[in-house]
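What follows draws every value from the coordinates through simple rules; no lab data is involved. If you're wondering where the values come from, they're calculated on a predicted model, not measured in any experiment. For neighbour counting, all protein chains shown are included, and Cβ atoms are generated from backbone atoms with ideal geometry for every residue, glycine included.
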Amino acid sequence: MTGLFEALEPGGKDWLLAESIDSGRLPAHIAIIMDGNGRWAKRRRLPRAAGHRAGVEPVRMTVETCARLGIQALTLYAFSVENWKRPRLEVDTLWRLLRIYLRRELPDLMRNNIQLVAMGRLEALPAAAKRELDAVIAATSGNTGMRLNLAINYSGRAELADAMNSLVEEARGQGTLQQLRIDEEAIASKLYTAGLPDPDLLIRTSGEMRVSNFLLWQIAYAELYVTEKLWPDFDREDLLRALLEYQKRDRRFGGLGSAETLLEESPARVERWLEALGTTR
Ligand code: FPP
């Protein structure tokens with residue numbers, strides 16, 4: 001976390017928030033649904049493209065802040081398979097912005113030791129965007145710091161279908177299709193995020209309470225944080241507040257919280273309750 005303080009104004013608001021964060025309990029993996037660019041533009045009577053353009057700065061801030069915090073992986077939902085349904089001009093703008101972002105950010109990604117990867121059905125990307133993406137992926141492949149995953153032309157359901165098909169194809173190739181049994185570990189090993197911890201924290205901007213086909217498998221136990229802020233307005237303070245809120249949560253993974261585990265219930269007391277309900281053994 002020391003890297004973060006170097007970028008903050010001593011004693012400023014973000015500095016004070018950062019001081020409250022427990023560096024030992026940071027999420028290993030943060031995933032973000034960057035939503036609200038269109039509404040941001042509409043409120044200003046601007047074209048939707050202007051909202052997407054304004055959304056680039058929070059991307060830069062989030063990537064830099066997470067890298068400085070020492071977060072292991074950051075996954076950003078940049079383009080969903082459903083986004084192709086938008087007007088041609090808007091879709092073209094998103095590809096242009098991606099290319100501009102990649103070209104401009106490469107020096108910063110190198111400086112911050114960030115490895116950029118992309119996940120989704122990337123073969124369908126326009127050639128120029130794909131070229132730029134491949135170049136940055138190759139250039140940053142030796143970086144050992146944070147992994148920045150851009151979800152592009154991504155769909156959680158498609159990812160799961162691809163993973164299952166890959167297991168079937170693999171077994172067919174090995175002649176073991178008849179005995180194939182698919183378990184959770186096998187599925188996880190074929191996801192785009194294989195080898196990464198599942199997201200601990202999923203942030204969504206613009207107040208929508210949906211997961212929108214994002215990382216459906218991986219977010220099984222993620223803590224959800226929804227802010228009313230529209231993505232172009234999402235700033236470092238919002239990110240730090242999300243982390244502080246995350247650290248207040250009692251993560252149970254289907255078990256009991258630490259306090260409840262300590263307060264072991266007496267079997268005799270439970271039995272009395274069950275008797276009262278007429279549910280004795
Ligand atoms: C959702 O807002 C946002 C997107 C579909 C695209 C996200 C893209 C960016 C933040 C731009 C740059 C990204 C990178 C990685 C360089 P929306 O248009 O659905 O907003 P609305 O719900 O208000 O209409």
Pairs where the first residue, in the range 76-98, is touching a residue at least 40 places away in the same chain (Cβ under 8 Å) and the second is among the aromatic types (Phe, Trp, Tyr) and more than 7 Å from the ligand (Cβ to nearest atom), C-beta under 9 Å, 6+ apart: Tyr77/Tyr154; Tyr77/Phe214; Ala78/Tyr154; Phe79/Trp95; Phe79/Tyr154; Ser80/Tyr154; Ser80/Phe214; Val81/Tyr154
Answer residue from the range 35-53, given it is more than 7 Å from the ligand (Cβ to nearest atom) and in contact with an Asp or Glu (Cβ under 9 Å, 6 or more places away or on another chain) and is nearest to Leu202 (Cα to Cα) among those: Ala49
Glu237 on the phi < 0 side of the Ramachandran plot and in a loop (DSSP other than H, G, I, E, B): no
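Could you please find all residues in the range 98-124 being assigned to a loop (DSSP other than H, G, I, E, B) and out of contact with any helix residue (DSSP H, G or I) (no Cβ under 7 Å at 6 or more places or on another chain)?
Selection gives Asn113, Gly120.
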Among residues of the range 93-124, those that are over 15 Å from Ser141 (Cα atoms) and either more than 13 Å from the ligand (Cβ to nearest atom) or touching a Pro at 6+ places or on another chain (Cβ under 7 Å) (or both), counted: 5
Pairs with Cβ under 8 Å, 6+ apart, first in the range 215-232 and under 18 Å from Ala151 (Cβ atoms), second away from the ligand (no atom under 16 Å from the Cβ) and among the basic types (Lys, Arg): Leu216/Arg157
